[in-house]
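Worksheet: the structure to be examined is printed underneath.
Just so you know, all these numbers are worked out from the coordinates, no wet-lab data involved. Nothing here was measured: the structure is a model prediction, and the numbers come from that model. Here the Cβ positions follow ideal geometry from the backbone for every residue, glycine too, while neighbour counts run over all protein chains shown.
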Amino acid sequence: MKYVWVDGKLIPEKEAVIPILTHALHYGTSVFEGIRAYWSSDSNNLYIFRARDHYTRFHNSAKIMGIKINYSIDELIKATVELLKANEVHENVYIRPITFVSASTVNLDIRNLDTSTAIIAIPFGHYLEPKGVRAKVVSWLRVHNSMFPMKAKVGGIYVNSVIALLDAKVSGFDEAILLNRDGYVAEGSGENIFIVKDGVLYTPPTYDSILEGITRDTVITIARDLGLTVIEKRITREELYTADEVFFTGTAAEVTPVVNIDGRVIGNGEPGPITLKVRSYYIDAVHGKVSKYMSWLTPVY
Ligand code: PY5
């Protein structure tokens, strides 16, 4: 896109470059978010989905990591709206806010080091195949909460996701599923996971070394509003194999069916009815078609 927002200013994307010694490049000292904005042709408007919740998590990630964000949640929401307006966005986009330790130093002590905040908008379609993906339970484990607080969305921690996804991809699968240190299902490389068994939805609890996903929360809310039961509990690998349906949730992944895990066909190998129903409500909600979920949306125009 033409403009990016950097430390309070809209500048051409080509000018938004960082020096080679930038701390975050070497040590992963950044916190970030992934937000989507959806174009609604019905209302001729662009809606940012759950902006306040994303920027609240952004601030919490920074607080946990000891990184200072120089902008309030309200300022960041306003900046995002300005960015989308400046780029005259009339399509679905992915928004990537990032705050990183911008000082040029090899010192690990980040106290008193400068940080920069940027917001970038990227045209975005599907992240994962909406017809369904084949996943592999990889041998790399999810970083455990005792090693790093996994509620924090911190740049450096994503090497765990990258190596897990690499394992799945080179083995011919579409996505990785990571177990936690205790051997229970944690999440995908960039998604939370749900299973459906006998009409009930199950998802790992937030203390099981997962990112507390905003789409996860959205899906729990939608499913309960649809009269479905959702239970947060530890999930075993065999429960994955024998589930009626499995799906991933995430800002990028939205609601993506998982139709095969480790070569085992899930259900009948097609996206399941509950997955499709939840996805359909999710897609309606993000496009501003469900009045009770309108408070999740920030209109840009
Ligand atoms: N778990 C992990 C490890 C994630 O990276 C993500 C989001 C989620 C769960 C889902 O969180 P949410 O529902 O709040 O998005 N992943 C990013 C995303 O924007 C980056 C993916 C490349 O979807």
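Compute the label zone of Lys2 within the stretch 43-86: residues whose backbone N is under 18 Å from the point 7 Å along Cα-to-Cβ. From the stretch 43-86, the list is 46, 80-86. Here the extension length gained between Phe32 and Leu226 equals 66.7 nm, from 0.36 nm per residue of separation less the Cα-Cα distance.
Near the amide H of Glu187, under 5 Å away, which other amide H atoms are found, from residues 5 or more places off or on another chain, if H is placed in the peptide plane? When sequence neighbours closer than 5 places are left aside, the close amide H contacts are Leu178. Listed values for the stretch 167-181 are Karplus-derived 3J(HN,Hα) couplings in whole Hz (6.51 cos²θ - 1.76 cosθ + 1.60, θ = phi - 60°), namely 4, 4, 5, 5, 8, x, 9, 8, 8, 9, 10, 9, 8, 8, 4, and x replaces Gly and Pro. Taking trypsin sites (Lys or Arg not before Pro) in DSSP loop conformation with at most 12 other Cβ atoms inside 10 Å as exposed sites, the chain has its longest uninterrupted site-free stretch at 3-110. Placing pseudo-labels 7 Å out from each Cα toward the beta carbon at Ser146 and Glu239 gives an inter-label distance of 2.1 nm.
Pairs of Lys residues in the stretch 59-186 that lie 8 or more places apart, or on two chains, and have C-alpha atoms under 30 angstrom apart add up to 19. Rounded to the nearest 20, the size of the Cβ-charge dipole of the chain about its Cα centre is 300 debye, with Lys and Arg at +1 and Asp and Glu at -1.
What would the Debye formula give as log10 I(q)/I(0) at q = 0.08 Å⁻¹ for the alpha-carbon point model of the chain, no solvent? Debye intensities relative to I(0), on a log10 scale: -0.35.
Calculated FRET efficiency, Lys131 to Trp39, Cβ-Cβ distance, R0 = 25 Å: about 0.65 to the nearest 0.05. For the stretch 97-102, putting each phi into the Karplus relation 6.51 cos²θ - 1.76 cosθ + 1.60 with θ = phi - 60° gives couplings of x, 8, 10, 9, 6, 9 Hz, in residue order, rounded to whole numbers and with x for Gly and Pro.
Amide H contacts of Val89: none lie under 5 Å away among residues 5 or more positions distant or on a separate chain (H built 1.01 Å from N in the peptide plane; Pro and chain starts excluded).
Here the stretch 108-134 and the stretch 46-104 have alpha carbon centers that stand 10 Å from each other. Its relative contact order, with pairs defined as Cα atoms under 8 Å and 6+ residues apart, puts the chain at 20 percent.
Against the main long axis of the alpha-carbon atoms of the chain, helix 273-286 sits at an angle near 20°. Relative to the current alpha-carbon distance between Asp109 and His90, full extension at 0.36 nm per residue lengthens the span by 2.6 nm. Pairs of alpha carbons in the stretch 147-205 separated by more than 15 Å make up 57% of all such pairs. Computed from the C-beta positions of Arg264 and Thr56, the FRET efficiency with R₀ = 41 Å rounds to 0.60. The 3J(HN,Hα) values that the Karplus relation (6.51, -1.76, 1.60; θ = phi - 60°) gives for the stretch 4-10 are, in residue order, 10, 9, 10, 6, x, 10, 8 Hz. Gly and Pro appear as x.
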